[in-house]
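Below you'll find the structure, written out as structure tokens, and then a few comments.
Bear in mind these aren't lab numbers, they're just calculated from the coordinates by the rules spelled out. Everything quoted here is computed from the prediction, not taken from an experiment. Counting neighbours? That spans all protein chains shown, and the Cβs are built from the backbone with ideal geometry, glycine included.
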Amino acid sequence: MAEVVLQAEVRQQVRKKAKRVRQAGKIPGIYYCRGEENINVTATVLGLKPLIYTSQAHLVSLKLDDGQTKTCILRTVQYDPVTDAPVHFDLQGVKTDEELTIEVPVLLVGAAKGVKDGGMMQHIMHRLRVSCLPKHIPDHIEINVDELGINDSVHVKDITLENVRLLDNAGTTIVAVVPPTVLKEEVPAEAVVAAPTAAEPEVIGKSKKPEEGEEAASAKKEPAGTKKEAAGAKKEEKK
């Protein structure tokens with residue numbers, strides 16, 4: 001594993017001075033290690049670049065302006081939500097005889113045959129958590145994808161590293177080649193118009209026989225004069 005030297009200054013005042021530190025072109029940070037006191041530090045953006053903008057894991061040789069030298073790793077970096085510039089960093093001290101947990105970048109190499117056949121590559125996990133001694137920390141975890149066909153994938157359980165324990169779930173997928181997306185063909189408007197309409201269901205008990213309907217219609221259309229003649233006949237009978 002490569003080692004990067006980081007020059008930093010011990011920062012005596014914190015919080016209130018952090019804004020001034022950033023205005024001066026430096027980034028505030030903190031060094032911590034089990035069994036030691038925390039040290040507030042500042043470093044330049046240029047000095048942090050090899051640690052932040054990289055695809056490899058590094059050991060850090062932290063050299064302070066008071067003469068101290070600490071071996072550590074870059075644990076976290078905080079970024080401004082608007083400018084995406086680094087605003088704070090954490091360094092974790094390591095001991096040569098103690099295992100530590102660290103995230104190691106995943107590097108894909110080769111050209112998957114499934115992609116050549118029209119599939120799509122999905123790189124799901126870009127970093128894997130490992131536990132090992134500092135001297136065994138890999139720069140990166142390399143995965144060759146040449147033989148991956150459509151519907152093939154690589155899981156955490158498929159990775160074997162000497163002197164390194166993988167901490168992520170064994171069944172988690174790291175990279176996969178999935179089938180191409182198939183778009184449904186739209187049905188032409190002419191076909192929709194020409195499609196036969198479903199017959200309306202017959203409502204049982206609602207239909208009437210033709211002769212019954214004709215009798216009802218003739219009863220409703222009875223001439224008005226007929227009613228008057230019937231009324232006159234009833235009067236004559238009373239007399």
Applied in sequence order to region 118-126, the curve 6.51 cos²θ - 1.76 cosθ + 1.60 (Karplus, θ = phi - 60°) yields integer Hz couplings, x standing for Gly and Pro, of x, x, 10, 7, 10, 8, 8, 10, 8
Please work out, to two decimal places, the log10 of the ratio I(q)/I(0) at q = 0.14, 0.16, 0.23 Å⁻¹ from a Debye calculation in which every Cα of region 1-94 carries one identical scatterer.
-0.47, -0.61, -1.28
Would you calculate the separation in nanometres between label points at V178 and D152, each defined as 7 Å from the Cα along the Cα-to-beta-carbon direction?
1.9 nm
Which ³J(HN,Hα) values in Hz, rounded to whole numbers, follow from the phi angles of region 141-147 under the Karplus curve 6.51 cos²θ - 1.76 cosθ + 1.60, where θ = phi - 60° and Gly and Pro get x?
10, 9, 10, 8, 10, 3, 8
Where the only charges are on Cβ atoms (+1 Lys, Arg; -1 Asp, Glu), what is the dipole of region 64-117 about its Cα centre, to the nearest 20 debye?
360 debye
Cα-Cα separations in region 95-182 greater than 16 Å, expressed as whole percent:
54 percent
